[in-house]
Amino acid sequence: MFVQKCNSTYFADYYEPSTTPKDMQMAVKATYLNPELAHYIEENFSSEDAFLTELNREAAANSIPDICIGGAQGAFLQLFLRSMNARYVLEIGSLAGYSAITMARALPEGGKVICLELNPTFCEFIRRKAIEAGLQTKSKSMKVMLQNFWHPTTRRLRSILFSLMPINLNI
């Protein structure tokens, strides 16, 4: 594998640049969005609804850091989870629960998102929002745990085959 650096972004390819046919070469520059295209994508392909917008407002009012995915990223995550028929998602570091709720909405009946968050205030906020979002039912659920992943009581989680494990750390 060949790894190339371009403007602090690394791109990986399986071919050395000198041996790669021109039509098989990977782009070495990111495609950046202009404001008009970004607005179009958010307006037409967003998973953010009134509930998630309000969640962000309440999170800010509760001094929870404003670090979350955007609506278009949420739509992509939902598409990704549905396409792989994901059933279990483990999120390490959930902050306000925006992405956890977004992902839980994409899971099939019986699916589960488990959030590991170290801040007790954030945990309580996420629990409340999960209930408000209707995600504490028999068909779908979100479990919010106030623990470190390596804590002995979370050992049973290690035996579950998770479809996705996003890690969101506010360091």
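For this structure, a couple of remarks:
- Residue within segment 72-85 that is small (Gly, Ala, Ser) and in contact with a strand residue (DSSP E or B) (Cβ under 6 Å, 6 or more places away or on another chain) present: no
- All positions within segment 66-96 that are touching a Phe, Trp or Tyr at 6+ places or on another chain (Cβ under 7 Å), assigned to a helix (DSSP H, G or I) and under 19 Å from Ala133 (Cβ atoms): Ala75
- Any chance Leu52 is within 16 Å of Gln136 (Cα to Cα), buried (at least 21 other Cβ atoms within 10 Å of the Cβ) and of a type outside the set (Phe, Trp, Tyr): no
- Counted residues, segment 97-112 - those being modelled with pLDDT of 90 or more and either outside any loop (DSSP other than H, G, I, E, B) or within 12 Å of the chain's Cα centre (by Cα) (or both): 10
- Total residues in segment 30-65, condition acidic (Asp, Glu) and under 12 Å from Tyr98 (Cβ atoms): 4
The values are calculated or read from the model by the stated rules, or taken from the named source; none is laboratory data. All values reported here derive from a predicted model rather than from experimental measurement. Positions of Cβ are generated from backbone atoms using ideal geometry, with glycine treated the same way; all protein chains shown enter the neighbour counts.
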